Amino acid sequence: MRPTLFYIPSQLCGFPLFGIGLFFWLILAMIAWMITTRYLRRRPFNDLGSYCSLAAVALLIVVVIMPKLAEARGFPVRGYGVFLMLAIICSTGLVLWRGKRKWNIPPDTLVSIATVGVLCGILGARTFFVFEYWSTIVADSCWGTICNIFNMANGGLVVYGSIIGGIFGVLAYLTIRKLPVLATLDLFAPGLMLGIAIGRLGCLMNGCCFGAVCDGPPGITFPVGSPAHVHQLETGEASLAGIVLKPAQSNIATRTVFSLKHASQSLWTAEPGPVVIASVDADSPAARAGMKPGMIIKQIGYAGNCKVVDANIQKRLQLVEVYGNGDFFHFLYTAMMNSPRQSILFVCHVPDKNISADAKQAEAESKTERFVFVPNYATIKAVWPSQIISSLAAFLLCFVLLALDRIYKRDGLLFVTMLFLYAANRFFLELVRTDEASFLGTGLSVSQCVSIVTTLVALVVFAYILRSPAKQAYADYQGKFSTEKGE
């Protein structure tokens with residue numbers, strides 16, 4: 001995992017790179033050069049709109065987005081973004097190579113289709129992510145929510161959304177241009193799998209799309225504070241400072257239909273209530289200090305250099321009142337990321353075991369104890385390398401589709417095969433991923449539900465293909481392309 005690869009300086013020889021800077025004028029120069037060369041060579045301007053749209057997006061990124069994302073060290077180049085760009089370039093290159101080699105299709109035509117597919121794919125991927133993870137997107141203000149929706153600096157794209165958005169965008173473009181739909185989708189299918197294969201490596205760099213806990217040799221370990229670690233802390237799979245809390249009553253997992261995916265359960269909740277310790281890691285600093293299950297955490301704070309704290313010292317410390325699990329998580333997560341070597345004071349109520357009453361009465365009749373120690377935050381567990389598995393599977397699907405392309409003689413079969421194989425691959429991949437919980441009580445993740453729908457759609461398209469005459473439409477388009485080029 002390496003979210004940030006390096007930084008691009010904000011200035012070069014005193015001239016700004018972002019905003020109305022060197023990158024801005026470089027893009028304008030490229031547009032002017034492209035228009036001039038086309039005019040001098042007397043080439044048609046049919047696809048100029050697509051190039052200008054792509055240039056407009058580039059200008060928007062350079063002038064508006066990049067200055068906002070720049071940090072003190074410069075503009076951060078994220079591993080996720082680099083692999084996303086590599087995925088777009090390599091997949092488009094494969095499409096251009098296959099289109100030229102097989103049907104002698106002009107690159108301009110395929111670049112226009114690819115541009116529409118990429119833009120609609122990114123839009124669909126982000127829309128899918130916002131829909132699926134809305135609870136992490138919504139903010140206290142409307143403007144904050146809007147900013148979160150468009151903030152893709154550290155990832156936040158769903159592959160299925162990119163496939164769906166890209167396909168619908170391409171379908172609309174092909175309908176407008178009156179180009180063969182199934183034949184074009186066949187042409188793009190292997191390139192789409194190649195793009196997913198490379199893009200998944202970006203997920204590995206970013207730490208997203210992680211797998212479930214894995215105790216065997218395939219397991220990989222992400223750093224402290226990574227998305228996998230935060231997920232394990234939130235669900236109780238890993239302890240925070242050696243401590244696992246009991247879930248709030250409203251966040252206890254409920255039963256599902258198929259039981260392949262558990263319902264969402266979060267220990268990290270703002271719901272008020274007693275913060276009760278469910279378990280303490282054996283031989284951890286917390287256990288050695290004397291903390292035990294059943295204790296109720298009331299206050300927490302930094303202890304400074306104190307090794308033992310009594311009531312008088314406690315009054316001089318700035319402690320945080322803990323009114324719910326969320327207070328516990330927020331304080332310790334901040335300490336884990338910013339002050340991992342600081343001693344922490346826990347003020348706990350220890351209920352009397354002989355009292356059998358409700359939580360409030362037990363708390364009122366309990367005694368107070370104080371525990372001071374430097375927590376061990378490196379409690380993350382190894383997980384399945386789901387990003388690597390997904391990447392290798394997509395590479396394999398790309399090669400399988402390229403091999404089948406030599407056999408199939410009917411438009412649409414390659415695209416339908418891609419839908420079948422990828423839907424099956426994604427359905428079973430979800431079994432080793434835990435970042436997606438049960439969707440609407442089905443016991444299946446959102447991606448598994450979409451995989452089932454994708455398979456049904458593929459069956460319908462397959463039936464349509466079998467009932468249609470066998471043909472390869474691009475074999476009849478050579479004259480049309482020659483006319484468009486003015487040859």
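The values are calculated or read from the model by the stated rules, or taken from the named source; none is laboratory data. Since the model is a prediction, treat every value here as computed from it, not as a measurement. Here the Cβ positions follow ideal geometry from the backbone for every residue, glycine too, while neighbour counts run over all protein chains shown. Only protein heavy atoms, including side chains, enter the accessible area calculation; ligands, DNA and RNA are left aside. Shrake-Rupley method; radii C 1.70, N 1.55, O 1.52, S 1.80 Å.
Observations on the structure shown:
- Within the set G124, G144, the sole residue that is of a type outside the set (A, V, I, L, M, F, W, C), open to solvent by less than 50 Å² (accessible area, probe 1.4 Å) and within 19 Å of A189 (Cβ to Cβ) turns out to be G124.
- Residues in the stretch 401-439 that are of a type in the set (K, R) and in a helix (DSSP H, G or I): R426 only.
- Scanning the stretch 287-321 for residues that are open to solvent by less than 30 Å² (accessible area, probe 1.4 Å), under 14 Å from I344 (Cα atoms) and of a type in the set (A, V, I, L, M) yields M291, I297, I300, A303, V309.
Table: residues versus (1) touching a helix residue (DSSP H, G or I) at 6+ places or on another chain (Cβ under 7 Å); (2) over 30 Å from F168 (Cα atoms); (3) touching a residue at least 40 places away in the same chain (Cβ under 8 Å).
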position: Y7; (1), (2), (3): no, yes, yes
position: F75; (1), (2), (3): yes, yes, yes
position: P107; (1), (2), (3): yes, no, no
position: L110; (1), (2), (3): yes, no, yes
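- Any chance L174 is closer than 26 Å to C449 by Cα and part of a helix (DSSP H, G or I): no
- Taking each residue of the stretch 215-239 that is within 12 Å of T379 (Cβ to Cβ) and looking for partners that are at pLDDT 90 or above and among the charged types (D, E, K, R) with beta-carbon atoms closer than 8 Å, six or more apart or interchain, yields T221/K381; Q232/K381; E237/K381; A238/K381; S239/D281.
- Flag for L440 being open to solvent by 60 Å² or more (accessible area, probe 1.4 Å) and not acidic (D, E): yes
- Scanning the stretch 396-407 for residues that are in contact (Cβ under 8 Å) with a residue 24 or more places away in the chain and under 17 Å from Q472 (Cβ atoms) gives L401, L402, D405.
For (1) in contact with an Asp or Glu (Cβ under 7 Å, 6 or more places away or on another chain); (2) open to solvent by 20 Å² or more (accessible area, probe 1.4 Å); (3) small (G, A, S); (4) at pLDDT 90 or above, each residue gets a yes or a no:
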{"residue": "I196", "(1), (2), (3), (4)": "no, no, no, yes"}
{"residue": "G211", "(1), (2), (3), (4)": "no, no, yes, yes"}
{"residue": "D215", "(1), (2), (3), (4)": "no, yes, no, no"}
{"residue": "V224", "(1), (2), (3), (4)": "no, yes, no, yes"}
{"residue": "Q232", "(1), (2), (3), (4)": "no, no, no, yes"}
{"residue": "L240", "(1), (2), (3), (4)": "no, no, no, yes"}
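- Residues that are farther than 27 Å from M205 by Cα and open to solvent by 40 Å² or more (accessible area, probe 1.4 Å), drawn from the stretch 375-403: L402, A403
- Test: residue in the stretch 167-190 that is charged (D, E, K, R) and closer than 30 Å to L267 by Cα: no
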